[in-house]
Amino acid sequence: MSLDTVKHAAETPDAAQPWAELGLKQDEYERIREILDRRPTGAELAMYSVMWSEHCSYKSSKVHLKQFSEKAPKSEAMLVGIGENAGVVDVGQGYAVTFKVESHNHPSYIEPYQGAATGVGGIVRDILAMGARPVAVVDPLRFGAADHPDTKRVLPGVVAGIGGYGNCLGLPNIGGEVVFDPCYQGNPLVNAGCIGVMKHEDIHLAKASGPGNKVILYGARTGGDGIGGVSVLASETFDDSKPAKRPAVQVGDPFQEKLLIECTLEVFREDLVAGIQDLGGAGLSCATSELASAGSGGMRIELDTVPLRDASLSPEEILMSESQERMCAIVEPGKVDRFLEICEKWDVIATVIGEVTEGERLEIFWHGEQIVDVPPRSVAHEGPTYHRPYARPDWQDTLQADDAGRLPRPQTPEELREQVLRLVGSPNQASKAWITDQYDRFVQGNTVLAQPEDAGMVRIDEESNLGVAIATDGNGRYAKLDPYTGAQLALAEAYRNVAATGAKPLAVSDCLNFGSPEDPAVMWQFAEATRGLADACRQLGTPVTGGNVSLYNQTGETAIHPTPVVAVLGVIDDVTRRTPIAFAAEGQLLYLLGDTREEFGGSAWSQVVHDHLGGLPPAVDLDRERLLGEILISASRDGMIDAAHDLSDGGLIQAVVESCLRGGTGARLIVPDGLDAFTLLFSESAGRAVVAVPRSEEVRFNDMCGARGLPATRIGVVDGDAVEVQGEFSIPLTELRSVYEDAIPALLA
Amino acid sequence: MTARVGVVTFPGTLDDRDTQRAVRVAGMEAVPLWHRDKDLKQVDAVVLPGGFSYGDYLRAGAISRFSPVMESIIEQAKAGMPVLGICNGFQVLTETHLLPGAMLRNNHLHFICRDQKLRVENADTAWTSSYESGQEISIPLKNIDGRYVAEERVLDELEAEGRVVVRYIGGGLGGYPLEERRNPNGSLRDIAGITNAAGNVVGLMPHPEHAVEPLVGTGRTDGLGFFTSILKKLVTA
Amino acid sequence: MARVVVDVMLKPEILDPQGQAVQRALPRLGFEGISDVRQGKRFELEVAGPLDEAALTRIREMAETFLANTVIEDFTVKVEDVDGAKAES
Amino acid sequence: MARVVVDVMLKPEILDPQGQAVQRALPRLGFEGISDVRQGKRFELEVAGPLDEAALTRIREMAETFLANTVIEDFTVKVEDVDGAKAES
Ligand SMILES: Nc1ncnc2c1ncn2[C@@H]1O[C@H](COP(=O)(O)OP(=O)(O)O)[C@@H](O)[C@H]1O
Ligand SMILES: [Mg+2]
C-alpha cells in the first residue's frame, strides 16, 4: 500500500476509510473531517481513533467526573490536580507525593501474567513521569468464585505477574485487596496503584514548550504490541464472535523498566528535562499529541527515526503501538548530549525523534513525507463527549426490599461459633498471605507497615521519620445495593484504614470499574457512584487527585457489580508512632469505637452463611468518620493505644480474630448492654474501629473520647490463647489460625 | 580511618541502597561500585546486593557474572578480600564458582517473601563472627530462585568442613505444607548460606540488610550482625 | 516408552526480553556474529502408552490449551528418537 | 542465515518442579498417560556469518560457559533446517 500523505489525502477526498473498524462513530469521523477540512490520512485516522476511544478520551464518563473538580474541597495540600499523569500532594518538609490507581482488567483476563504485569508497569511510569521516585505499589484485585476452575487459571497468573514485575522493579507491595465474587467470573478486575515521592521543586509536567527543544524517545524499541489494543481491548465487551479484533497482548520487560526508572531519575537530578510523558495506552499518538497540546502546540516528528523491533511496521502501526517501557522527554538542545550519555550509562536506547516548533500543529513525517498535520488539542483534549442516558434500574427497588435483616440468625452459641469459623475461613475473609507472600514488601528498606495491616506505610525521610500511608477499598456488594452510598462507603473505609494506622488522610485516587456505559442501568450506577464519591470527598476534605475509569466490564449482557475502588493517601509526621493491628500485650483493654446497629445488607455474613445480597448497605455518617479518624490519630500520636483495627466486612469478630492472630494473643469479649452477641459480632455498621488501650492510658483515652463525643465501649481484654465471647463460645487461636490461613492455599495451591 | 565496604550496582540491582544503609548503620563507610568499572576504589570488603540483575533473564546472576567489576572482585576474593553475596549476590557468586553449587527455582515455583528463621551454623567467617554458633535469628527472605543444590559429594564436603553458614529452621506462617514452613524453597539440607574454604566469601539467600533497624522491615535487627562482623574484622586487621 | 518434545516459543511479533538480554550480553562475552536470540520453553513428555495418531492429537491439544498460551506463543510437537537425538552436545 | 538451536535441560538427577507441576496438572485437565514431564529452555540463535565448524565450536563454547550452567544443566546444540523444521505443529 502506498503512503497516505497529507497531500494525497487532500487530493483523494472520497477514498473509503475504515473508521468504523477502528471504533469511530459516523459523526466522530465527520468531525475529524471538519477539524482538518479534508479527510484524515491513515496515520491521522489511527491517532484520532485511539485518542477518541473510551479508554483515552473518557467520553462517556467525563461529564460525571467533572464533579471531582467542581465539588473538590479546598485543600492546601493539593499541588497538582486532576488532568496530569497523576495528582501531587504536599506532605510537608518540602516533600510532595504523587499516587494513582489504574485498571488492567481486560488484558489480564486474556493473558493473566502479562496483563497484570504490564498494568503495574504502566502505573509506575505515570508516577515516574511526574518527577517522582516510585516507592511502593498496591494491587486491588477482584476474581470470580474462589472455587471456579477459571479462577485457578486467572488468579495465579495475575498474582505472579504483579509480583514478577513489581518485585523485579524493586517496589515494595504494601497493600491491596483480594475479593472473590461470581460477578467477576468472566471479567476479573486487576487494578494497580503506585506512590512516588519527590521534592516540590522536582515536579515535572507533561508539556512541550520552547520551540527548538528536542523530543527524545527513550526506552524499549517499538514493536507491534497491542496495536489497537487501547481502543479495542479496553472498550469492547468480550464476545467470541469477533475473534479478529483480538489484538496482540503486550509483554512486559520489568528489567527494562527498572533501567528506565534509574535513568529517568538521573536526568531529573541533573535538570535535563523540560517536559516528560510516559507512553501507555495509545503509545506515541498519545504522548506526542498530549505533550504538544499541553505545551505551546507545535511539534514536528520524524517517525522513521523511531527505533523498531519489527522493521515491517507501518507508520500507522508505529503511532498506535503500545510497546511497554518507553518514555518521551522534551530536552533543550544544549542538554541533549548529556541526556543521551546518561541513557547510554543505563543501557537505555534514546533517540531524538523531533522537536518543538513555533506553530500550533503537530506534524509527523515519514521519510520526508508529511503524514500528519493536526491541531494537537483536537486529538488529545477535545475528543467527543457523550451524555449517555441513564436510569435507575427497575430491579433496584426489589433488591433493596429484600432486607438482610430478615435472614435467619444463629439460635444457639454452637451455631454462632460455627458461623464465626465459616466467616473467618471464607475466601473473602481468610488470610491472603498465600498471595501477598509472593510480593516483596521489604525492598527499599522503608516499609513500616504492609499487608495484613490496615494500610501500607513507608518512611520517606530517614532523618525526620516522615511517612505516608495508603489504603485501597471498594465493596461491589454495597455499591450494587446502592451505588451512591457504596462509593461513599469505599471512601469511608479507606479513610478509616489510613487513620487507624495513625496517618492523617489527605487525598484520594480512584479506579471506577463498571459495566457497559451503553446500558442506562450501568450508567445510572456510574452517575450515582461518582456523585456519592464527590460529595463524600468534599465532606471529608480529601480531594480526588486523579484516577481511572474502566468500563465495559461485563460478560454478555451481565455487568459486574459496580465497583468503585478508592485509594486514600495519608501522611504521618513520625512513623515511629504508627499503630499496628496486632494485639500484642496481655491485659490491654479492648474498646469498640462508634455505634453498632443492626446492619447486615451486603454483609460478609449474609454472603457466607446465606449466599444473599439484598437490602440496604450500612448507613454512612461522614462526620462520624472524620471524628473517629481524629481520635485514632490523636491516640496514636499521644501513645494512648497500642493497636487499632478498623471494622468493615466481617464486622467486629473478623477484626478481633485478625488482630489476635497477628499478635499471637487471645481476647475475651463481653457483649455490652443493649446489644446481642450476633449483632455485636457480625454487623457491618460503618464508622467503627476496635482499639487496644494499655491500662495506664484508660482514663486519658476515655476522657478524650467522652470530651469529643465519640462512643467508646469497653468490650473486653487481651488475654489467653483463645477468642472467647463470654457466655457464648471460645475458639482456640490454633483452630482459628488453621481455618484462617489454610483456606486460600486449599483452593489455589 | 573507617572501614570501607563496596556495594556493587549491576543493572537491575535492587537492594544496593538498602545495603549501603546497613553498612552505614553498622558504622562503616559505604562505597558504591558500578558494574562497568574494574576499579574497586580500594575498599576493604565488598557486598553483592540482592535484586534481579539483568532481570535474572537466562539464569539468576548468569549475565552479571561477566561484568568488569566481577573480574576484579574474583581476583581480590581469591586473594582473601571479604565478599558477601546476598540473594542475587549469592547467585552471582555460584555462577562465578567462587562458591560451589547452584540456585534453582523454588520447589513451589512461587516468589516467597517472609520473615525467615535461621540458625547460624558457622560463626567463624568474616561475616558471621558477631553471632554465636547455633544462634537463631530471623531475617527476611524474598526470592523465586532460592533453592540451593549441589552434588551429594559437594554437600558432604560443605558439612564436613563446617562451610554451611546459615540453615533454614522455620518461620513461615500458614499457607504452606509443613515441610515448607521449615524449608521455604526445597534447598538441599536446608542450606540458606555457605562460605568458601577460606571463610572470606559468604553467600546467603535471606536479606540481613532488611533487618538492621527496629522501625522498618520486620522490625527486628537480627541482620545487623553480618555488618558488625565485618567491621570487627576490618578494624582489628 | 516414547518421548514427545513440545517446543513453545513466543510469537515472532511478541517482545522476548529474555532472548534480548542474552543477545545483548554475547558481544561483551566475546561472542560475535549472533544476530538474534529467542528464548523459549522445551517440554519433554514421556508417553506411557502407544504413541499413535490419537495420542499425538491429544498431545497437540494439550500443547494448544495448556502448555502454550496461543495468544502470545507458538508451539511445535515432535516425536523424538530417544537414542539418536542427544547425539550432539 | 542459519539457525542454531541450543536446548538446555536440568540434569536428570536434579528435581524439576516446573515439569512436575505440569505433569500433576495434566490428569486434572483430562490428559492421561504422560508418565513424566521435564521442562527446559530452548534458545534459537540466528547466525549472521557462515555456519562452519569454527562457528559451531564457538557456539558450543557459548552454551557451555553461558547458556547452560553445567553444574545443574545439560545442553545440546543442533543446526536447524529453518524451512523444514517447523513442519509439525
Ligand atoms: N492483592 C493484595 N496485595 C497486597 N496486599 C493485599 C492484597 N490483598 C489484600 N492485601 C492486604 O491484606 C490486608 C487485609 O485486606 P482487607 O481485608 O481488604 O483489608 P481491609 O478490609 O482492612 O481494607 C490489608 O493489609 C491489605 O492491604
Ligand atoms: Mg482494614
- prompt: If you take the residues of segment A:127-151 that are over 17 Å from the mean Cα position of the chain (by Cα) and either within 14 Å of chain B (Cβ to nearest Cβ) or among the polar types (S, T, N, Q) (or both), which of them is nearest to ligand 1 (Cβ to nearest atom)?
  reply: A:151
message: Being more than 16 Å from ligand 2 (Cβ to nearest atom), at pLDDT 95 or above, small (Gly, Ala, Ser) and out of contact with any helix residue (DSSP H, G or I) (no Cβ under 7 Å at 6 or more places or on another chain) is true for just one of A:157, A:170, A:163, A:223. Which residue is that?
response: A:163
- request: Pull up segment D:1-20, narrow it to residues that are closer than 30 Å to residue D:53 by Cβ and among the aliphatic types (A, V, I, L, M), then point me to the one that is surrounded by the fewest Cβ atoms within 10 Å (Cβ to Cβ).
  value: D:1
query: What number of residues within segment A:302-337 are among the hydrophobic types (A, V, I, L, M, F, W, C), closer than 26 Å to residue A:123 by Cα and not in a helix (DSSP H, G or I)?
result: 7
statement: Exactly one of A:486, A:515, A:502 is outside any helix (DSSP H, G or I) and within 16 Å of ligand 1 (Cβ to nearest atom), and that residue is A:502
field: Filter result for residue A:391 (more than 14 Å from chain B (Cβ to nearest Cβ), without any contact (Cβ under 8 Å) to a residue 12 or more places away in the chain and in a loop (DSSP other than H, G, I, E, B))
entry: no
task: Take segment A:449-475 and flag every residue that is within 10 Å of ligand 2 (Cβ to nearest atom), in contact with a strand residue (DSSP E or B) (Cβ under 7 Å, 6 or more places away or on another chain) and charged (D, E, K, R).
output: A:454, A:473
query: Name the pairs: first residue in segment C:42-62 and more than 7 Å from chain D (Cβ to nearest Cβ), second residue of a type in the set (Val, Ile, Thr) and surrounded by fewer than 18 Cβ atoms within 10 Å (Cβ to Cβ), Cβ to Cβ under 8 Å, at least 6 apart or on different chains?
result: C:51/C:79; C:56/C:79
- request: Go through segment A:73-130 and tell me which strands (runs of 3 or more DSSP E), entirely inside it, have 1 or more residues that are touching a Lys or Arg at 6+ places or on another chain (Cβ under 9 Å) and closer than 22 Å to residue A:62 by Cα.
  value: A:87-92
statement: Filtering segment A:398-451 for residues that are within 13 Å of another protein chain (Cβ to nearest Cβ) and over 24 Å from residue A:615 (Cα atoms) leaves a count of 23
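Looking only at residues that are of a type in the set (Val, Ile, Thr) and in a helix (DSSP H, G or I) in segment A:154-182, which one is nearest to residue C:69 (Cα to Cα)?
Of everything passing the filter in segment A:154-182, A:154 is nearest to residue C:69 (Cα to Cα).
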- line: When every residue in segment D:21-41 that is surrounded by 20 or more Cβ atoms within 10 Å (Cβ to Cβ) and charged (D, E, K, R) is compared, the one nearest to the other protein chains (Cβ to nearest Cβ) is D:38
- prompt: Residue check, residue A:581 against (1) within 14 Å of ligand 1 (Cβ to nearest atom); (2) within 14 Å of chain B (Cβ to nearest Cβ); (3) over 30 Å from residue A:77 (Cβ atoms), all met but one. Which one?
  reply: (3)
query: When only residues in segment A:728-741 that are in contact (Cβ under 8 Å) with a residue 60 or more places away in the chain and at the interface with another protein chain (Cβ under 9 Å from one of its Cβ atoms) count, which is farthest from the chain's Cα centre (by Cα)?
result: A:737
- prompt: Which of (1) more than 16 Å from ligand 1 (Cβ to nearest atom); (2) under 25 Å from residue A:189 (Cβ atoms); (3) touching a Pro at 6+ places or on another chain (Cβ under 6 Å) does residue A:478 not meet, given it meets every other one?
  reply: (1)
- request: Could you please let me know if residue A:628 is hydrophobic (A, V, I, L, M, F, W, C) and out of contact with any Ser or Thr (no Cβ under 8 Å at 6 or more places or on another chain)?
  value: yes
Residues of segment C:32-56 satisfying the condition of being part of a strand (DSSP E or B) and not basic (Lys, Arg): C:34, C:35, C:36, C:37, C:39, C:40, C:43, C:44, C:45, C:46, C:47
- request: Among the residues of segment A:631-680, count how many are within 16 Å of ligand 1 (Cβ to nearest atom) and part of a helix (DSSP H, G or I).
  value: 14
- request: Select from segment A:174-195 the residues that are farther than 30 Å from residue A:557 by Cα and within 16 Å of ligand 2 (Cβ to nearest atom) and write down the one among them that is surrounded by the fewest Cβ atoms within 10 Å (Cβ to Cβ).
  value: A:174
message: Step by step: first the residues of segment C:63-85, then only those that are more than 10 Å from every other protein chain (Cβ to nearest Cβ) and not in a strand (DSSP E or B), then the one that is modelled with the lowest pLDDT. Which residue is that?
response: C:84
- prompt: Of the residues B:50, B:27, which single one is in contact (Cβ under 8 Å) with a residue 24 or more places away in the chain, crowded, with 24+ Cβ neighbours inside 10 Å and of a type outside the set (Ser, Thr, Tyr)?
  reply: B:50
message: I'm trying to understand the selection: among the residues of segment A:436-448, which are among the polar types (S, T, N, Q) and either more than 16 Å from ligand 2 (Cβ to nearest atom) or crowded, with 24+ Cβ neighbours inside 10 Å (or both)?
response: A:438, A:444, A:446, A:447
field: Unmet criterion (only one of (1) at pLDDT 95 or above; (2) more than 23 Å from residue A:83 (Cα to Cα); (3) away from ligand 1 (no atom under 16 Å from the Cβ); (4) not aromatic (Phe, Trp, Tyr)) for residue A:492
entry: (3)
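Condition check ((1) over 13 Å from residue A:591 (Cβ atoms); (2) within 16 Å of ligand 2 (Cβ to nearest atom); (3) away from every other protein chain (no Cβ under 14 Å); (4) surrounded by fewer than 20 Cβ atoms within 10 Å (Cβ to Cβ)) across all residues:
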residue: A:621; (1), (2), (3), (4): yes, no, yes, yes
residue: A:627; (1), (2), (3), (4): yes, no, yes, yes
residue: A:641; (1), (2), (3), (4): no, yes, yes, no
residue: A:646; (1), (2), (3), (4): yes, yes, yes, no
residue: A:669; (1), (2), (3), (4): no, no, yes, no
residue: A:675; (1), (2), (3), (4): yes, no, yes, yes
residue: A:712; (1), (2), (3), (4): no, no, yes, yes
residue: A:716; (1), (2), (3), (4): no, no, yes, no
residue: A:721; (1), (2), (3), (4): yes, no, yes, yes
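The values are calculated or read from the model by the stated rules, or taken from the named source; none is laboratory data. All of these numbers come straight from a predicted model, not from anything done at the bench. Using ideal geometry, Cβ is built from the backbone for each residue, glycine included, and neighbour counts are taken over all protein chains shown.
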